[in-house]
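This report concerns only the one structure given below.
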Amino acid sequence: MQHDQRATLIHMANQIAANLQSSDDAAAGVRTHLEKFWARSMKERLIGCLDDADCDLSPIARQAVEQMAEQRRQAS
């Protein structure tokens with residue numbers, strides 16, 4: 001995946017996190033949104049960037065993506 005596309009996914013996830021940051025469990029809200037509305041390939045690309053130094057996810061977005069990654073590990 002090109003860097004620009006990944007940067008766009010990160011930006012979008014961070015925007016969702018910013019919009020949900022005042023909710024009781026913001027990370028769960030972000031995760032639910034990503035699971036419902038994002039294509040599988042988009043979610044996989046976002047999970048794939050977790051270990052990269054330039055994966056600038058906000059703390060809430062990172063927590064949501066880490067939860068998705070863990071959920072996938074448990075399901076397999």
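The values are calculated or read from the model by the stated rules, or taken from the named source; none is laboratory data. Computed from a predicted model, the values in this text were never measured in an experiment. Positions of Cβ are backbone-derived with ideal geometry, glycine not excepted, and every protein chain shown enters the neighbour counts. All accessible areas refer to the heavy atoms of the entire protein, side chains included, with ligands and DNA or RNA removed. Shrake-Rupley method; radii C 1.70, N 1.55, O 1.52, S 1.80 Å.
Any idea what the dipole of the chain comes to, in debye rounded to 20, about its Cα centre with Lys/Arg Cβ at +1 and Asp/Glu Cβ at -1?
I would put it at about 300 debye.
Carbon and sulfur: what percent of region 5-75's accessible surface (1.4 Å probe)?
47 percent
Taking each full run of DSSP H in the chain as one helix, which ones are at least 20 Å long along their axis (Cα atoms) and have mean Kyte-Doolittle hydropathy of at least -0.5?
3-20
Residue 47: accessible area at probe 1.4 Å, nearest 10 Å²?
So the heavy atoms of residue 47 present about 40 Å² to solvent.
Residue 22 accessible area, nearest 10 Å², 1.4 Å probe?
110 Å²
Using helices alone, what [θ] at 222 nm do you get for the chain, with -39,500 (n - 2.57) per DSSP H run of 4 or more residues, divided over all residues and rounded to the nearest 500?
Estimated from H runs of four or more residues: -24000 deg cm²/dmol.
What does the accessible area of residue 6 come to, in Å² to the nearest 10, when a probe of 1.4 Å is used?
Accessible area of residue 6: about 40 Å².
How much area per residue is accessible in region 5-75 when the probe is 1.4 Å and only protein heavy atoms are counted (Å²)?
That works out to 60 Å² per residue.
Provide Rg and Dmax in Å for the chain, with only Cα atoms included in the calculation.
Using the Cα atoms of the chain, the pair Rg, Dmax is 11.5, 34 Å.
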